[in-house]
1. Which of rounded, prolate or oblate describes segment 112-256 when judged by the alpha-carbon gyration tensor and an a/c cut-off of 1.5?
2. Taking Cβ-Cβ under 4.7 Å as the only way to count a partner, pick out the unpartnered cysteines of the chain.
3. Would you kindly derive the ³J(HN,Hα) couplings of segment 55-60 from the backbone phi angles with the Karplus curve 6.51 cos²θ - 1.76 cosθ + 1.60 (θ = phi - 60°), listing them in order in whole Hz, with x for Gly and Pro?
4. Jot down the per residue volume, in cubic angstrom and as a whole number, of the convex hull over the alpha-carbon atoms of segment 431-470.
5. Can you list the HN-Hα couplings for segment 388-400, worked out from phi with the Karplus curve (6.51, -1.76, 1.60; θ = phi - 60°), rounded to whole Hz and with x for Gly and Pro?
6. Between 0 and 90 degrees, rounded to the nearest ten: what's the tilt of helix 22-40 against the longest Cα principal axis of the chain?
7. What does the charge add up to near Ser340, with Lys and Arg as +1, Asp and Glu as -1, over the other residues with Cβ less than 13 Å from its Cβ?
8. Go through 679-689, 96-106 and give me the packing order, highest mean Cβ count within 10 Å leading.
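The values are calculated or read from the model by the stated rules, or taken from the named source; none is laboratory data. Just so you know, these numbers come straight off a predicted model, no measurement behind them. In this analysis, Cβ positions are derived from the backbone assuming ideal geometry, glycine residues included, and neighbour counts consider all displayed protein chains. Please note that ligands, DNA and RNA were not included when accessible areas were found on the heavy atoms of the full protein model with its side chains. Shrake-Rupley method; radii C 1.70, N 1.55, O 1.52, S 1.80 Å.
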Amino acid sequence: MDKPAKFYITTPIYYVNAHPHIGHTYTTVVCDAIARRQRMMGMDTYFLTGTDEHGQKIERSATAAGCSPKEFVDKIAAEYRELWDRMKLSYDDFIRTTEPRHIRGAQALFTRLQERGYIYKGSYSGQYCVFDELYVDAVGAGAPCPECGRPTETVQEENYFFKLSAMEDRLLKLYAEQPDFIRPETRRNEVVAFVRSGLRDLSVSRTTFKWGIPVPGDPKHVIYVWLDALANYITAIGFGSDKEKDKKKFERYWPADVHMIGKEIVRFHCVYWPAFLLAAELPLPKSIVAHGWLLFEESKMSKSRGNVVRSETILDTLGADTLRYFLLREIVFGSDGSFSFDALVQRFNADLANGLGNLSSRTLSMITRYFDGEVPYPSTAQERTADDRAIAELGDQTIRDFHAQFEQFQFSRALETAWGLVSAVNKYIVDNEPWTLAEKPGQDARARLGTVLYTSAEALRIVTALAQPIIPESTARIWQQLGLGEISKLDLRELKWGQLQIGTKLGTVEAVFPRADKSTIERMQQMEQERSSVSESKAPAAEAEAAGTGAEAGQRATEAVADPSAAVPPDKTAKAAPVVPASGADKISIDDFLKVELRVGEVKVAEKVKGADKLLRLEVDIGTEVRQIVAGIAKAYDPEKLIGRKVVIVANLQPRKLRGLESQGMIVAASLGDEGLPVLAGFLEDVPVGAKLK
Ligand code: ME8
């Protein structure tokens, strides 16, 4: 017998500098649904996900959290895995970029590029954005990154460069010859325009930090995080290993059929990744599919904005299937879509509790009651009514349409199609009143009752089978109740109307989707608030990082004094800075605020603190005296550039000692992004030293 065809699908590997949120869940659930369906279509499917664990961002997050990078990444990677297991995601492999198999494979890729003459040594001096891990065309210390708006850092490094400029024509040819290489088309057009505008060589190593994969033969350098991260797609399936078994695996599964990604990382996947592969003479993935963003309160849900919703909240209330169904049904794949607890509960009640749940419980309990729990005979074809025939035809049509739409990544439409059958059958039941037929004496009524219930049960079977990849747990339960055993054994290719066997003995019938009410929304909101305040106080990851610069100096930069929206980086798509609503208890009175004495000061002396790479010792004139202040701003500001600068000081803080130096106050700064990069508060107009702020 021939080996089945293979299907290899990947998610991005997620950064471990913050906790997972439902944006990450979205991509992973989409891939899971595709993978599950492929398996049920007889494909030898390999579904890969994992975590991206190197880079300066992560190194800094670990420092801020007071642990080693390894301890830090282990903790967050475990969180991802645990969540994916709770979500019942059917991944075949979870790659971590700190694993030996990946390190070996990424180094092998680097060497392969070097051997083929695509990597050379050069030097770079200019601005670097730590958040995007990118050299950028910005001028001057602290100039904003053109990608994300965060302040850049000035670096001068000797680097290895990849000859990206040599790949322009080959890439353009690829996009022209394989129109499905980048999907959807809008993303493809953007990439083509970007490449046409000209490519510059890409720096693929760093010397400014250590937390990365050493360049083979030159361990002073670590491999650029994106080259490291992208390599996961091949290292996970054996690239770079000498073992026969791994080589076979690589041959079997590479190239990937689908790399699923969010739209913000299109360039890395559609320009850099194929360029690396072309240069390394490795086959190219068949398709890179970019989806839109999940928005919350109108802007992209993201850790740096702090407007995230955790999947755990929904798991603990409505369950994994509800979240999975919502994400695939509510969001039009490819476009941005909003998440709200109201919409989630509405979808759940309408489609799952009242729709599929109702169809399942009324059909199966009537078969239990009227036919002793055995699937009844339908009447012969000639005796069927137009109504019965319409449902049977719709059943087959639904199967065809669902498959076609799903294959085109139109998950929302595919589910709409399947639920079209649910509504039609629920209406059919109401129109045919099986409960009235059951009361009527005589063979005809009994035969009619059998037909109506057979038709309903068969439609239920079809929807359940189609929905299995999206809501695996609940469909498995309905399948058991239908008396059909293990749903995972079903071959979806064979599914058609009329396969439900007469006489099938039903399992125990019970409700699969109990209705949710308003209190569920309140509970979820409450849980989110509690979770965010717990993670703030524990400061485990990005949150710890935001506190990073100030925390080391005993100062949390934006706390209490700075405008929280100043900590939100400008974003091309953002309309407003989302702020997690504060409950009344979190608010302070004006009197409380006035207790904080804020004054304008002028920096007279600024110098590095020995042995503390984040700290500066400042002498600040506040009008009445000169204060010594120890501030965690060394990563963002050169001491020389601060002399003469007007700053805002919290003047009535109790003095405290940092690295043996007394700090007599605190300097106010916004804290940007996951890195918590400080940006000092200042004034556009001239203000006198010592002026009070209120
Ligand atoms: O970019 N809506 O990791 P990351 C939809 N490590 N999807 C979202 C989302 C949102 N609001 N937020 C996140 C990285 N995602 C790199 C990838 S791959 C070789 C390296 C999803 O943790 C979406 O898939 O920032 C997005 O592309 C990915 O998470 C970014 O995850």
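1. oblate
2. Cysteines lacking a close Cβ partner in the chain: Cys31, Cys67, Cys148, Cys270.
3. With the stated coefficients, segment 55-60 comes to x, 5, 4, 6, 4, 6 Hz.
4. In segment 431-470, the Cα convex hull volume per residue is 57 Å³.
5. Once rounded to whole Hz, the list reads 4, 5, 4, 5, 4, 5, 4, x, 5, 4, 4, 4, 4.
6. Between helix and principal axis, roughly 40 degrees.
7. Charge balance near Ser340 sits at -4.
8. 96-106, 679-689
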